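**Student:** I have a structure I would like to understand better, so I am pasting it below and will then ask my questions one at a time.
The values are calculated or read from the model by the stated rules, or taken from the named source; none is laboratory data. The structure displayed is predicted, hence computed values, not measured ones. Glycine gets a Cβ as well: all are built from the backbone with ideal geometry, and neighbour counts include every protein chain shown. The accessibility values were calculated without ligands, DNA or RNA, using every heavy atom of the protein model including side chains. Shrake-Rupley method; radii C 1.70, N 1.55, O 1.52, S 1.80 Å.
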Amino acid sequence: MTTVCALTDSPLGELLLTGEKSPTGTTLTSLSLPDHPLIGPDRRRDDPAFTEATRQLSAYFAGHLTRFRLPLAAAGTAFQQRVWQALDEIPYGTTTTYGALAERLGVPRTGIRALGAAIGANPLLLVRPCHRVIGADGSMRGYAAGVERKVRLLTHEGALQPMLG
């Protein structure tokens with residue numbers, strides 16, 4: 001397999017897609033805001049490899065897609081994988097709290113920090129909807145792309161009312 005990447009524009013800014021390309025297709029391993037050089041010794045740019053992912057991202061931002069259906073292969077610990085799978089199950093247009101997610105996964109109250117760290121380690125920004133997890137008081141907690149973008153995504157999905165300004 002070959003590690004490939006591509007850039008695509010979005011209302012959040014430019015997004016960096018990274019994946020593993022094989023003869024049967026490309027598996028998305030990371031979706032992030034680019035904060036490092038695109039092309040390096042460990043990956044090469046291959047925009048056509050991400051045609052379906054960019055199509056689905058465009059459909060999401062146009063309001064025509066509420067669930068991504070892409071082959072994913074993000075590396076993480078068993079605990080992170082459990083948490084990320086739970087994120088995948090949070091419906092579009094809704095939110096949940098860190099505490100509710102911990103309860104659903106059987107994580108004790110003392111493990112909520114570890115749960116938050118697993119959510120923060122999610123390498124599939126937007127596609128795996130970590131932006132749908134909020135504080136118990138309704139506050140916007142950390143988000144890898146910034147709290148402002150989290151608010152924009154939740155507003156786009158109808159989970160928050162637009163701010164008048």
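**Student:** Using θ = phi - 60° and the Karplus relation 6.51 cos²θ - 1.76 cosθ + 1.60, list the HN-Hα couplings for region 123-128 in order, rounded to whole Hz, with x at every Gly or Pro.
**Tutor:** With the stated coefficients, region 123-128 comes to x, 10, 2, 6, 5, 9 Hz.
**Student:** At a 1.4 Å probe, what is the % contribution of carbon and sulfur to the accessible area of region 47-165? Could the numbers behind the result be given before it?
**Tutor:** Values: 3510 of 6410 Å².
Carbon with sulfur: 55 percent of the solvent-accessible area.
**Student:** For GLU89 and THR77, calculate 0.36 nm times their separation in residues minus their Cα-Cα distance, and state this gained length in nm to one decimal. Numbers along the way, then the final one.
**Tutor:** Working: separation 12, 0.36 × 12 = 4.32 nm, distance 1.88 nm.
Net length gain for the segment: 2.4 nm.
**Student:** Still on this structure, please answer the following. Say each of ALA136 and ASP9 gets a label point 7 Å from the Cα, pointing the same way as Cα to Cβ; how far apart are those two points in nm?
**Tutor:** 4.4
**Student:** If you don't mind, there's one more thing I want to ask. Within the chain, what percent of beta bridges assigned by DSSP are antiparallel, to the nearest 5?
**Tutor:** So the antiparallel bridges amount to about 70 percent of the total.
**Student:** Here is a further query. Given Cα pairs under 8 Å that are at least 6 residues apart, what percent is the relative contact order of region 1-133?
**Tutor:** Rounded, it is 23 percent for region 1-133.
**Student:** Another one. So with the 1.4 Å probe, I'd like the accessible area per residue for region 34-138, rounded to whole Å².
**Tutor:** The answer is 54 Å² per residue.
**Student:** Sort 133-140, 77-84 by the packing proxy (mean of other Cβ within 10 Å over each peptide's residues), most packed first.
**Tutor:** 77-84, 133-140
**Student:** Moving to a separate point now. For the chain, set up a GNM with springs between Cα atoms under 10 Å and report which of LEU153, LEU57, LEU70 has the largest fluctuation.
**Tutor:** In the Gaussian network model the winner is LEU70.
**Student:** Here is a further query. Show the residues, 5+ positions off or on another chain, whose built amide H is closer than 5 Å to the amide H of THR97.
**Tutor:** The list, which skips near neighbours in sequence, is ILE134.
**Student:** Just to be sure I understand the model, the point goes 7 Å from the Cα along the line to the Cβ. What's the resulting GLU52 to LEU33 distance in nm?
**Tutor:** Each label point lies 7 Å from its Cα, and together they span 2.9 nm.
**Student:** Tell me, what HN-Hα J-couplings in whole Hz come from the Karplus equation 6.51 cos²θ - 1.76 cosθ + 1.60 at θ = phi - 60° for each residue of region 133-138, using x for Gly and Pro?
**Tutor:** Residue by residue, region 133-138 yields 9, 10, x, 4, 8, x Hz.
**Student:** Taking only DSSP H segments of four or more residues, each worth -39500 (n - 2.57), what value at 222 nm results for the chain once the sum is divided by all its residues, to the nearest 500 deg cm²/dmol?
**Tutor:** Result for the chain, helices only: -8500 deg cm²/dmol.
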